[in-house]
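The values are calculated or read from the model by the stated rules, or taken from the named source; none is laboratory data. Owing to the predicted nature of the structure, the values given are computational and were not obtained by experimental measurement. In this analysis, Cβ positions are derived from the backbone assuming ideal geometry, glycine residues included, and neighbour counts consider all displayed protein chains.
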Amino acid sequence: MDMYIIFLILGFALLVKGADFLVQGASSIAKKLKISELAIGLTVVAFGTSAPELLINVQASLQGNSDIALGNILGSNIANILLILGIASVIHPLTVRRRQVLIEIPIGILSLILTWILGNNFFLNKSAILSQTDGLIMIFFFVIFLIYTYKITKIEIFSENKEKTLSTTTAIFLTIIGLISLPIGGEWVVESAVKIATSLGVSKFVIAATIIAIGTSLPELATSMVAAHKKKSDIVIGNIVGSNIFNTLWILGLSATIRPIKINSINNTDILIATLVGIILFSLLRRKRFFAQHEYILSRWTGITFLILYTIYLAFLILRSGT
């Protein structure tokens, strides 16, 4: 047992540092190529911070662990909103653009509804499963989202950043180290989590939705806390909302194409919870000022509410696993 815990911790360390190195290296390369900061945030940062979820899900799918593949994504999406946005908005109230409220947050909600519809095969009268075809459909919608993201970045103009960038050699080196660390860390986390869950009699889904989900969300947490402290709300909201969309459409879609993912009644409950969390985020956003048409705010009180809800969610998972 102790050995599995050690490998679990080491796996998380490799995932977090690997993602950090990947983001640092790729961001520096992007800046040298004169790519806008918004483009970096929507692509490099979002992909980089979602890399742990991607690697863990690929490993889980290859090993046939559907509960971990699904629990990791749903748990990460819930943690991203309730835990990470909760902490970030407590640090400093977050300003949210009108476009993010009306387009990107609803896309995140709709992606979960799409997962629920495809996973339950309402139109085919088959068993509840995310098939390889369903996975391809999800990836198709993810490509559409990327096209939307590309069009958004086209209207952004690159501006010189006074922050020091890495040398080309260092940037490439960090990117390579990150790409090597991520798959190793992902394999260690999945194998250790399965062994620990089995030995404790805890379901793999609960382990994935709690320990693994929080662990793989650490890159988003670190990025969001720093960005909130620097009052860079766009980075916080864009990173979290973008990561959730990537998690659902890209990572879960890819996982299903590797090996079909079984959906049961408990999984449907958690898909519903993740969807409701997105709706709560959408509902609690308020205009920054009464006459403000293009800015909304996520207040400190909302952040505290999110943290309370996340505590209740964790308690619900633990109680459910004991029944």
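Say whether the condition of being among the acidic types (Asp, Glu), over 13 Å from the mean Cα position of the chain (by Cα) and within 29 Å of residue 194 (Cα to Cα) is met by at least one residue in the stretch 121-143. Write out each step before concluding.
Kept after step one, since they are among the acidic types (Asp, Glu), are these residues of the stretch 121-143: 134.
From what is left, the residues that are over 13 Å from the mean Cα position of the chain (by Cα) are 134.
With within 29 Å of residue 194 (Cα to Cα) added as a condition, the list becomes 134.
Scanning the stretch 121-143, I find at least one residue that is among the acidic types (Asp, Glu), over 13 Å from the mean Cα position of the chain (by Cα) and within 29 Å of residue 194 (Cα to Cα), so the answer is yes.
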- What is the residue count in the stretch 205-258 for residues that are under 24 Å from residue 17 (Cβ atoms) and of a type in the set (D, E, K, R)? 3
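Here is a yes/no grid of residues against (1) of a type in the set (Asp, Glu); (2) under 20 Å from residue 46 (Cβ atoms):
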{"site": "178", "(1), (2)": "no, yes"}
{"site": "185", "(1), (2)": "no, yes"}
{"site": "191", "(1), (2)": "yes, no"}
{"site": "198", "(1), (2)": "no, no"}
{"site": "201", "(1), (2)": "no, no"}
{"site": "207", "(1), (2)": "no, no"}
{"site": "210", "(1), (2)": "no, no"}
{"site": "216", "(1), (2)": "no, yes"}
- Those residues of the stretch 178-214 that are more than 27 Å from residue 263 (Cβ to Cβ) and surrounded by fewer than 17 Cβ atoms within 10 Å (Cβ to Cβ) come to a total of 3
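Would you point out the residue of the stretch 275-315, among those that are modelled with pLDDT under 85 and in contact with a Ser or Thr (Cβ under 9 Å, 6 or more places away or on another chain), that is nearest to residue 249 (Cα to Cα)? Give the steps one after another, and end with the answer.
Of the stretch 275-315, the ones modelled with pLDDT under 85 are 285-296.
Now drop any that are not in contact with a Ser or Thr (Cβ under 9 Å, 6 or more places away or on another chain), which leaves 285-286, 288, 295-296.
Values: 285: 24, 286: 28, 288: 31, 295: 27, 296: 26 Å.
Residue satisfying both the conditions and the ranking: 285.
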- Task: Filter the stretch 161-174 down to the residues that are at pLDDT 80 or above and of a type outside the set (A, V, I, L, M, F, W, C), then identify the one that is nearest to residue 57 (Cα to Cα).
- Result: 170
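Taking the options 243, 255, 217, name whichever one is crowded, with 24+ Cβ neighbours inside 10 Å and modelled with pLDDT of 90 or more.
Numbers: 243 fails: modelled with pLDDT of 90 or more; 217 fails: modelled with pLDDT of 90 or more.
It is 255.
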- Selection from the stretch 182-226 of residues of a type in the set (Ser, Thr, Tyr) and within 17 Å of residue 54 (Cβ to Cβ) yields 216, 217, 223
